[in-house]
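The values are calculated or read from the model by the stated rules, or taken from the named source; none is laboratory data. The structure presented is a predicted model; accordingly, all values stated were derived computationally and were not measured. Cβ sites come from the backbone with ideal geometry, for glycine too, and all protein chains shown count toward neighbours. Only protein heavy atoms, including side chains, enter the accessible area calculation; ligands, DNA and RNA are left aside. Shrake-Rupley method; radii C 1.70, N 1.55, O 1.52, S 1.80 Å.
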Amino acid sequence: MSPLFFVVNTVLGLSVYLFILRLWMQYAGVNFYNPLAQFVVKISQPIIGPLRKFIPSLGRFDTATFVVLFCVAALKLCATLYFTKFNIYLGYKYWQCFIYAPLVIIHSFGYLIFWLLFIRAILSWVSHGQSQLEVVLYQLTEPLITPIRRVIPPIGNIDISFMIFLFGLTFLNIVFSNLFGFWWEILSI
């Protein structure tokens with residue numbers, strides 16, 4: 001792996017996570033006075049702000065942010081193909097990156113959910129709801145966990161809904177890996 005690829009892949013990967021978070025926070029109705037939410041908005045606003053003049057939102061869905069997310073995801077996939085051995089398989093057909101860009105978004109969203117749930121679980125042992133980060137994590141992840149908690153309530157004082165959700169997330173990762181083999185392998189780099 002070249003140092004340039006590491007830098008490019010890291011910057012583009014963090015950008016994908018940033019724009020996913022912005023979309024997800026808007027959809028979940030996160031309190032935007034929270035420091036984490038303000039950080040996400042202030043970092044992404046120089047790109048999203050001017051685009052909103054040309055690309056209006058559709059209800060609660062921010063299409064300008066989605067367009068940027070889609071383009072950054074395609075660019076990340078193209079960079080991965082360019083810097084790795086996988087470009088040999090495609091014969092430098094980089095237009096396919098735009099076809100498979102939704103896979104980058106799905107893959108990144110799955111990893112983001114995993115890490116947000118993991119951090120939320122750790123914070124629940126330490127801060128007991130007193131952290132502002134924990135409030136945002138709760139607002140983002142609780143809609144995913146609540147349906148499981150309705151079916152399987154906590155056993156004693158142990159809430160296994162996180163484990164069940166992560167089990168389902170791992171299962172979906174395996175299913176997508178089997179469906180999109182080559183392309184899913186690229187995303188793991």
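Which one is nearest to Leu69 (Cα to Cα) among residues in segment 19-52 that are of a type in the set (Val, Ile, Thr) and assigned to a helix (DSSP H, G or I)? Reasoning before the result, please.
From segment 19-52, those of a type in the set (Val, Ile, Thr) are 20, 30, 40-41, 43, 47-48; that's our starting set.
From the residues that got through so far, the ones that are assigned to a helix (DSSP H, G or I) too are 20, 40-41, 43, 47-48.
Details: Ile20: 7, Val40: 14, Val41: 14, Ile43: 14, Ile47: 11, Ile48: 10 Å.
Only one residue fits best here, namely Ile20.
Failed condition for Ile106, given (1) open to solvent by 70 Å² or more (accessible area, probe 1.4 Å); (2) over 16 Å from the mean Cα position of the chain (by Cα); (3) β-branched (Val, Ile, Thr), with all others met?
Only one criterion is unmet by Ile106, namely (2).
Okay, residues lined up against (1) farther than 19 Å from Gly110 by Cα; (2) free of Cβ contacts under 8 Å to residues at least 12 places away in the same chain:
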site	(1), (2)
Ser2	yes, no
Trp24	no, no
Tyr33	yes, yes
Gln38	yes, yes
Phe70	no, no
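Considering segment 153-176 alone, what residues qualify as being open to solvent by less than 60 Å² (accessible area, probe 1.4 Å) and at pLDDT below 90?
Matches in segment 153-176: Asp159, Ile160, Ser161, Phe162.
Kindly provide the set of residues from segment 146-189 that are outside any helix (DSSP H, G or I) and over 21 Å from Arg120 (Cα atoms), ordered by number. Before you say what the answer is, go through the steps one by one.
Keep residues of segment 146-189 that are outside any helix (DSSP H, G or I), which gives 152-160, 188-189.
Ser188, Ile189 - these are the residues of segment 146-189 that are outside any helix (DSSP H, G or I) and over 21 Å from Arg120 (Cα atoms).
On the basis of being exposed (fewer than 11 other Cβ atoms within 10 Å of the Cβ) and modelled with pLDDT of 90 or more, does Lys76 make the cut?
On the way: exposed (fewer than 11 other Cβ atoms within 10 Å of the Cβ): no; modelled with pLDDT of 90 or more: yes.
When the stated conditions are applied, Lys76 does not pass them.
Residues are listed down the side, and each one gets a yes or a no for (1) more than 23 Å from Ala74 (Cα to Cα); (2) among the aromatic types (Phe, Trp, Tyr):
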site	(1), (2)
Asn9	no, no
Ser15	no, no
Phe19	no, yes
Arg22	no, no
Gln26	no, no
Tyr33	yes, yes
Phe39	yes, yes
Ile43	no, no
Gly49	no, no
